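The values are calculated or read from the model by the stated rules, or taken from the named source; none is laboratory data. Bear in mind that the values here come from a model prediction, so they are computed numbers and not experimental data. Virtual Cβ from ideal backbone geometry, glycine too; neighbours counted across all protein chains shown. Surface accessibility is based on the protein's heavy atoms, side chains included, excluding ligands, DNA and RNA. Shrake-Rupley method; radii C 1.70, N 1.55, O 1.52, S 1.80 Å.
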Amino acid sequence: HVVLLGDSIFDNGSYVPGEPDVVRQLRALLPAGWQASLLAVDGAVTSGVERQLARLPADATHLVVSVGGNDALGESHLFARSCRNVGEGVALLAEAQAAFAARYRAMAAQVFGRGLPVALCTIYDANYAPPQGFVVTAALSLFNDVITRTAFGQGLTLIDLRLICSEPADYANPIEPSSRGGAKIAAAIAAFAAGTGKGS
């Protein structure tokens with residue numbers, strides 16, 4: 001029983017009208033008799049995963065978490081801040097990274113504390129046109145560093161959505177996965193659950 005936790009990367013139904021969302025695509029890929037449940041909520045931030053875990057099915061066997069994009073979005077106001085030099089700007093981003101790290105590690109501890117196999121997903125690069133896209137990708141790398149260090153530090157599987165959703169068609173809009181992108185994400189989750197892969 002695979003349970004999806006986090007935000008609209010999994011809860012993308014409203015962005016793919018008439019097409020299957022991630023959890024439906026995952027169900028189609030899992031072996032007969034397996035289940036997949038969607039606890040992720042569109043718009044959720046890292047601290048919201050605790051509420052999702054409160055609804056965890058008793059028979060859950062695998063947990064997959066994709067969260068952090070909305071935390072990063074909440075810090076986008078920093079792009080408008082005036083700085084005297086590049087170092088000052090980097091320092092502002094470092095403060096945001098440190099705050100995110102504290103929240104993310106606390107969330108991850110609650111998730112892997114359940115004693116089940118866990119996969120953490122990075123935040124994908126999104127689909128903004130240059131030059132905005134370059135800035136967004138660079139800033140997100142600070143948040144993704146937190147996620148990768150957390151996964152590797154705890155021996156958890158990492159599903160790197162930056163490598164999976166790598167084409168414009170993988171996105172329904174600049175920040176949500178399309179049905180095509182969702183199919184790729186579902187395939188990576190199914191491989192993790194089946195023990196045939198450790199993400200990408």
So Glu95 fits all but one of (1) modelled with pLDDT under 90; (2) more than 18 Å from Ala40 (Cα to Cα); what number is the exception?
(1)
Please count how many residues of the stretch 74-92 are modelled with pLDDT of 85 or more and either under 26 Å from Ala119 (Cα atoms) or not in a helix (DSSP H, G or I) (or both).
2
Kindly indicate which of Arg81, Arg51 is closer than 17 Å to Arg103 by Cα and without any contact (Cβ under 8 Å) to a residue 12 or more places away in the chain.
Arg51
Given the condition more than 14 Å from Leu116 (Cβ to Cβ), hydrophobic (A, V, I, L, M, F, W, C) and part of a helix (DSSP H, G or I), answer yes or no: does some residue in the stretch 53-66 qualify?
no
Among (1) open to solvent by 30 Å² or more (accessible area, probe 1.4 Å); (2) part of a loop (DSSP other than H, G, I, E, B), the one test that Ala28 misses:
(2)
Select from the stretch 141-167 the residues that are touching a helix residue (DSSP H, G or I) at 6+ places or on another chain (Cβ under 6 Å) and in a helix (DSSP H, G or I) and list them in ascending order.
Leu142, Phe143, Val146, Thr150, Ile164
